[in-house]
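Some notes on the structure that comes next.
None of the figures in this text is laboratory data; all of them are computed from the coordinates on show. Keep in mind that what you see is a predicted model, and the values were worked out from it rather than measured. With ideal geometry, Cβ positions are generated from the backbone for all residues, glycine too; neighbour counts draw on all protein chains shown.
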């Protein structure tokens, strides 16, 4: 049983940031963006691109140059650098749809102060090698993107009856799904689902192993 | 003069209740969930966010005026607002180091969390998008800070009660708090006179 638990832990550590320890569902990071920016798939894709463009380079900067920046200036530097990157990335993102920034509102700019960036650079990147920091940045960005894209697909289909702006056939259209209160409740449900799934996997693994041991005896 | 005072009061109230940073825009949700563990931290965080939003909004109004004159686009103006926040944060840190070094050592983490968060940055961007006057911008900043503090108190009280309740295992912690904030958000949405779209 110890061996299979070890295998389970190894599998979890390989997917750390994506499935295990997901920054949004388990860590509770970048929640404003996950709640308010997931009203359409286009928004979610734009925010995912912004997440990759800011988190990955800043993890690299934090791991290589972080120690040379005075402690009280670090966060300020990271946030300003992220804002500058977002400015540059806004041109390719603008090509997704002409009205993408109107639709995103303040939430695109808020990616500069998102907590995944601030938390991961402080707690992980400063003590890690550049490669490990970049991999961690990629995993966390992917975990964030997966969650917001799944949420956006469900909210857009149910709330607007469209997907990527194109009409889809749905049994019911509920515009309330696009409001902030539903975002909170839906994200809460997703967090509970992720937690439940993790418990279920762990308990099933232990049960299967115990059954195998009993049959062997 | 009277017009400016009325604008200030109206926008302070708007930011506190109608457009509450946490319940209607989900701003600072991550920080709220991390910091609502102790009453002392909650009030320190709320107080410093209020100071930050008020002081930064003053500076951001000037930045907004000049950047609009120069024809900067929205993304560049957001960088300018972030610079305003960073300047205010650094000046506050320097002032505290010089005047109250002991207190600074205790407060530096809270100060950093309250300066660089989505509530402060978001309130400046909204004020700029709406093109408020100076009184309106400061009022909106002040209201955002006070409104966030009130909402943090509500979350703190709810969280305390939820911890004593018999909640299913998978809902314990983050999920139930998010659902609680969602229900409060819906209640406030109805309280201010909105109706659910049909």
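By how many degrees, between 0 and 90 and to the nearest 10, does the Cα long axis of helix B:134-164 differ from the longest principal axis of chain B? That works out to roughly 20 degrees.
Rounded to the nearest 500, what is chain A's calculated 222 nm mean residue ellipticity when only DSSP H runs of at least 4 contribute -39500 (n - 2.57) each, over all residues? Walk me through the numbers before you get to the answer.
Numbers: 8 runs with 150 residues, N = 217.
Value at 222 nm, helices only, nearest 500: -23500 deg cm²/dmol.
Using alpha carbons only, the radius of gyration of the range B:121-180 set against its Kirkwood radius gives Rg/Rh = 1.23.
Comparing Cα centroids, the range A:95-173 and the range A:1-66 end up 10 angstrom apart. With both labels modelled 7 Å from their Cα along Cα-to-Cβ, the residue A:169 to residue A:122 distance reads 5.1 nm. Cβ-to-Cβ counts within 10 Å put A:115, B:14, A:76, B:137 in ascending order as B:14, A:76, A:115, B:137, the fewest first. Calculated from DSSP H runs of 4 or more alone, at -39500 (n - 2.57) each and per residue, what is the 222 nm mean residue ellipticity of chain B, nearest 500? After summing the helix terms and dividing by residue count, I get -26500 deg cm²/dmol. Label positions at residue A:72 and residue A:211, each projected 7 Å from the Cα along the C-beta direction, are separated by 6.1 nm. Where the centroid of each part is defined by its Cα atoms, how far is the range B:158-189 from the range B:95-136 in Å? About 28 Å separates the Cα centre of the range B:158-189 from the one of the range B:95-136.
Quick one: plug the Kirkwood hydrodynamic radius of the range B:2-191 (C-alpha pairs) into Stokes-Einstein at 25 °C, 0.890 mPa s, and report D in µm²/s.
Values: Rh = 17.3 Å.
This corresponds to a translational diffusion coefficient of 142 µm²/s.
The C-alpha atoms of chain B define a longest principal axis, and helix B:74-99 lies at about 80 degrees to it. Sorted ascending by nearby beta carbons within 10 Å, beginning with the fewest, B:43, A:184 become B:43, A:184.
In terms of the Cα gyration tensor, with a ≥ b ≥ c the square roots of its eigenvalues, is the protein assembly as shown rounded because a/c is under 1.5, prolate because a/b exceeds b/c, or oblate?
On the way: a/c = 1.55, a/b = 1.36, b/c = 1.14.
Prolate is the answer for the protein assembly as shown, as a/c is 1.5 or above and a/b outweighs b/c.
Sorting A:12, A:111 by the number of Cβ atoms found within 10 Å of their own Cβ, with the fewest placed first, yields A:12, A:111. What's the whole-number percent of alpha carbon pairs in the range A:22-174 lying beyond 24 angstrom? That fraction is 34 percent. Using equal-weight Cα scatterers in the Debye expression, the normalised intensity of the range B:45-145 in log10 at q = 0.12, 0.14, 0.17, 0.24 Å⁻¹ is -0.37, -0.49, -0.69, -1.18. Does anyone have the angle between helix B:101-115 and the longest principal axis of chain B? Alpha-carbon axes, 0 to 90°, nearest 10? Tilt of helix B:101-115: around 80 degrees.
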